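Here's the structure we're looking at; comments come further down.
The values are calculated or read from the model by the stated rules, or taken from the named source; none is laboratory data. The model shown is predicted, which means the values in this text are computed figures rather than measured ones. Positions of Cβ are generated from backbone atoms using ideal geometry, with glycine treated the same way; all protein chains shown enter the neighbour counts. Heavy atoms of the whole protein, side chains included, go into the accessibility calculation; ligands, DNA and RNA do not. Shrake-Rupley method; radii C 1.70, N 1.55, O 1.52, S 1.80 Å.
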Amino acid sequence: MTSTTSTTTAAGRALTDRVDLQRRVPPFGGFNLTYLGIELKRRLRNRRTLIFTIAFPVVMFVIIGLPLGDQPLTGTPIADGGPSVAAYIMVSMAMYGAMMSATQTGAAVGVERAQGWSRQLRLTPLNPLVNVVTKMIAGMALGLLAVVATFAAGAISGVQLSAAEWIGSGLSGWILAGAVFTALGLLVGYLVPGENAAQITSLAIVLLAFLGGLFYPVSSMPDFMQTIAAFTPVYGISQIARAPLTGEGLDLLWVINALAWLVVFVAGTVWAFRRDTKRV
Amino acid sequence: METSALPRSTPPASPGARPAVAATGLVKSFGAVRAVDGVDLTVAQGEIVAFLGPNGAGKTSTIDMLLGLATPDSGSVQVFGESPRAAIAHGLVSAVLQTGGLLKDVTVRETLDLTASLFADTRPVDEVLQRAGIAEIAERRVGLCSGGQQQRLRFAMALLSDPGLLILDEPTTGMDVEGRRSFWSAIRADAARGRTVLFATHYLEEADEYADRIVLMSRGRIVADGTTTEIKNLVSGRIVHATLPGADPVALAAQLGVDEVQVQGERITIGTKDSDAVARYLLTQTPARDVEITPQNLESVFLALTSDGASA
């Protein structure tokens, strides 16, 4: 130990101010911007997070999407304002970044519980649910950053979409990926404590992203794979997010897929959260 | 254990003052194991209480219930007249726990900023950094701090809310001698401000030196409760140890006129006011060998009250 600073200053004024027992309880279950700010800072300082949630989708877009900038996605030629395949890949990659960020929220809860930090927080007025919400907001903010970065890369490299297409696909991709995959991440985080949670979710995301057609169009898969893909959690939300581009309109099955997985993950998380706070 | 529990009335406090801790009939089982088996504990405001006991005595389980981290199977706990959870929400009680983790990727100061943001009223972060003796490492990442520095950080976090009751579970683990000394001088300065302190320790000298009162736990029960002097007086005289194969503790106790003879394997331990007579008897009338006579200290009281022989 290097610190041997004397504590005489504390002793010096000790007798003058008594410990006061009249106290207030913080509002909003302890939610505050200082905590949120530190959470955000932690995310942005983590090099691995930045590489996998922001750099990776941008680079993937540049590698896969950019060469397809001249290839029209629909029957409408690009010259007439039709979207390119590059735009389609841009939205897919943006969603991948948002999914990564969202699942890390859950994985972080698992790691912090294993490290005993959750227990430490139980010694403060912070409501356990508010703790999770704060982390979710930070995770969603980082997800938005991933979407914006990928879209910016797209815009710079010549992807042209209408304002409605930019906003429609960006918002739906961000929010849907955020909602479904924050829930999945939390579920894994509560079920699998420690660093394993992060590894399991990362692996799950890559697998689900492939199955859901983020890296490889579902329509180009063999028939049986297409059938399987339609039941996986990335499929529904990514089809919805890309609908503004393809002009196919919303398929009810996509919506059912997205809602069903959201319900499954949220219900699982609520169950795991209750079990967790009971034993802390 | 019939002779060991000292009756203790609640120490005098200012009229109308709620006790810092009021626990009655606490029971907590884990599976078939009764970790806490009927604990009654009242701590008046301003007391410094040492919670002593061997591993598995139920200290940590009792502390968990005082903090609302565990729910008692039966019995009740109140902290300043409130439920433990309400007392924590008001910032009335804080703790330094062995199990409490820290975020490795944030700095010491950020940890304190974060913790402070969760309470309605706190002391300034710079003040607690100073008092915990970690002001000069404020900008260091927690993961790079030594075990002792991390323990001081936990202490600083506990000081933030300026709690009326501070609970410390083995607080000086990982600290060197100098660190321990300055830690306790900070605690004493604090207690002078009216802070109640309850600490669990396995360092007997810490209990002896820094506590007003010692609560001794063994196998889920409080086996002794009193001032350090009272506890030492529980077992007066000296202790005679000897190796005596096949000793009959009951017959031996009757023969020697002592309260109790403890037997562990071939080793017997006898607490007595007349150690000369006991030693003479053992050496002349029995095949006893390796006779040793030691003075009573807190450690021997501790051993006498918590060893397996005490309940035999």
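Can you tell me how many residues in region A:208-234 are assigned to a helix (DSSP H, G or I) and over 16 Å from the mean Cα position of the chain (by Cα)?
Here the count works out to 12.
If we keep just the residues of region B:188-206 that are among the hydrophobic types (A, V, I, L, M, F, W, C) and farther than 25 Å from B:VAL27 by Cβ, which is surrounded by the most Cβ atoms within 10 Å (Cβ to Cβ)?
Restricting to residues being among the hydrophobic types (A, V, I, L, M, F, W, C) and farther than 25 Å from B:VAL27 by Cβ, the top hit is B:VAL197.
For the subset of region B:100-140 comprising residues that are in contact (Cβ under 8 Å) with a residue 40 or more places away in the chain and of a type in the set (S, T, N, Q), which member is nearest to the other protein chains (Cβ to nearest Cβ)?
Of everything passing the filter in region B:100-140, B:THR115 is nearest to the other protein chains (Cβ to nearest Cβ).
Considering every residue within region B:276-286, establish whether at least one is open to solvent by less than 30 Å² (accessible area, probe 1.4 Å) and of a type outside the set (Val, Ile, Thr).
yes
Any residue that is in contact with a Ser or Thr (Cβ under 6 Å, 6 or more places away or on another chain), more than 8 Å from chain A (Cβ to nearest Cβ), more than 23 Å from B:VAL43 (Cβ to Cβ) and in a loop (DSSP other than H, G, I, E, B) - is there at least one of those in region B:144-152?
no
In contact (Cβ under 8 Å) with a residue 40 or more places away in the chain and farther than 27 Å from A:PRO83 by Cβ: which single residue out of A:ALA258, A:ALA198, A:ALA241 fits that description?
Criteria check complete, one pass: A:ALA198.
If A:THR34 passes every condition in (1) under 28 Å from B:ARG141 (Cβ atoms); (2) surrounded by fewer than 17 Cβ atoms within 10 Å (Cβ to Cβ); (3) touching a residue at least 24 places away in the same chain (Cβ under 8 Å); (4) over 20 Å from the mean Cα position of the chain (by Cα) but one, which one does it miss?
(3)
Quick test of your reading of the structure: A:TRP117 fulfils all but one of (1) among the aromatic types (Phe, Trp, Tyr); (2) surrounded by fewer than 24 Cβ atoms within 10 Å (Cβ to Cβ); (3) touching a residue at least 24 places away in the same chain (Cβ under 8 Å). Name the failing condition by number.
(3)
Taking region B:136-151 only, how many residues are open to solvent by 40 Å² or more (accessible area, probe 1.4 Å) and touching a strand residue (DSSP E or B) at 6+ places or on another chain (Cβ under 9 Å)?
The number of residues fulfilling the criteria is 3.
Quick one: which strands (runs of 3 or more DSSP E) lie wholly within region B:11-116 and hold at least 2 residues that are open to solvent by 30 Å² or more (accessible area, probe 1.4 Å) and of a type outside the set (Gly, Ala, Ser)?
Filter on region B:11-116 gives B:21-30, B:33-43.
Counting only residues that are among the charged types (D, E, K, R) and within 19 Å of B:ALA189 (Cβ to Cβ), how many does region B:107-155 have?
6
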